[in-house]
Amino acid sequence: HVDREIRHQPRAWASALDLLPALSPLLPQPGERVAVIGCGTSWFMAAAYASTRELSGAGETDAFAASQFPAGRRYDRVVAISRSGTTTEVVRAIDATRAPVLAITAVHDSPVEAAADDTVVLDFADEQSVVQTVFATTVLILLRGSLGEDLAPVIAQAQAVLAGGTSYPAELEQVEQLTFLGQDWAFGIAQEAALKMREAAQGWTEAYPQMEYRHGPIAIAQPGRAVWVFGRPVDGLVADLAATGALVVADPLDPVADLVRAQLLAVRRARAQHLEPDRPRHLTRSVVL
Ligand code: F1P
């Protein structure tokens, strides 16, 4: 399924943006103090959105893994992201906060919907794989659109990636280790790429903010390993990376379009090891305690 779901992304993003005018009154309003929560992939999308919203000037925005949410803090609104709508930590965090909660899920009539004040159900972005791709990116595109961003170029870039026009270097299918870097909101995307590679392909991956990478993690860079930078590399980083002999990937793609390349790589690396990328070991579609 995951191949089909990865390829469905640009269409799902366009559908979400079509809904934006109708959904806008439910989404965070300018000036509101917002917390965004989720688990796993949904947490990384929460982190990416929180950073984008804060940088856009729309208002203070924090992101938390749902299990780490400080429920006593005052927020004007909590946004809870959960594809399944059943993840226990998300339901508990919603129950614990006094702020109004907007849930974004893929499934109707879920426990998360029951606990939240308002719910947006992106059922056209639901998926059958345990490994999340289309739901996660569709939520992020919708939320970026709500900040006034023009996402047509991002959709076009993802279409080009899927058409094979913007591929990754073939050596990435062989490297023994991958580190993903991203500055500001692209750090959430780097974390998500690293998670995809772990879930689907059982790969050893790490993720850091770009500026953190030189504070220790660079010690493991060497030939046969790769470092993939999402978004524009900070000054001097590519030269430092090249000096280690590691394979460096850095393209001028939007980080979400670049994530599509990482998803495709995760599937290719899984297949090369005869792993089933839809159904990673030790993982279920949602974690219910
Ligand atoms: C969250 C999640 C996924 C992960 C796996 C298990 O689910 O941790 O991110 O990929 O499917 O569940 P949800 O709350 O978004 O349904």
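Only one of these is within 16 Å of the ligand (Cβ to nearest atom), in contact with a Pro (Cβ under 7 Å, 6 or more places away or on another chain) and at positive phi: 40, 85, 59. Name it.
Testing whether each residue is within 16 Å of the ligand (Cβ to nearest atom), in contact with a Pro (Cβ under 7 Å, 6 or more places away or on another chain) and at positive phi leaves just 85.
Any residue that is out of contact with any helix residue (DSSP H, G or I) (no Cβ under 7 Å at 6 or more places or on another chain), within 22 Å of residue 83 (Cα to Cα), of a type outside the set (Ser, Thr, Tyr) and in contact (Cβ under 8 Å) with a residue 60 or more places away in the chain - is there at least one of those in region 138-159?
No: region 138-159 contains no residue that is out of contact with any helix residue (DSSP H, G or I) (no Cβ under 7 Å at 6 or more places or on another chain), within 22 Å of residue 83 (Cα to Cα), of a type outside the set (Ser, Thr, Tyr) and in contact (Cβ under 8 Å) with a residue 60 or more places away in the chain.
Kindly provide the set of residues from region 161-189 that are in contact (Cβ under 8 Å) with a residue 60 or more places away in the chain and either hydrophobic (A, V, I, L, M, F, W, C) or part of a helix (DSSP H, G or I) (or both), ordered by number.
Within region 161-189, 161, 162, 171, 172, 173, 175, 180, 185, 186, 187, 188, 189 meet the criteria.
Across region 89-116, what is the number of residues that are under 20 Å from the mean Cα position of the chain (by Cα) and more than 9 Å from the ligand (Cβ to nearest atom)?
Counting residues in region 89-116 that are under 20 Å from the mean Cα position of the chain (by Cα) and more than 9 Å from the ligand (Cβ to nearest atom) gives 3.
Pairs please, first residue from region 18-30 and free of Cβ contacts under 8 Å to residues at least 60 places away in the same chain, second anywhere and loosely packed, with under 14 Cβ neighbours inside 10 Å, Cβ atoms under 9 Å, 6+ apart in sequence or on different chains.
From residues that are free of Cβ contacts under 8 Å to residues at least 60 places away in the same chain, the pairs are 30/57.
Touching a helix residue (DSSP H, G or I) at 6+ places or on another chain (Cβ under 6 Å), small (Gly, Ala, Ser) and either without any contact (Cβ under 8 Å) to a residue 24 or more places away in the chain or over 13 Å from residue 115 (Cβ atoms) (or both), is that true of residue 93?
no
Every number here is computed from the coordinates shown, using simple stated rules; none is lab data. Owing to the predicted nature of the structure, the values given are computational and were not obtained by experimental measurement. Reconstructed Cβ throughout: ideal geometry from the backbone, glycine too, with neighbour counts over all protein chains shown.
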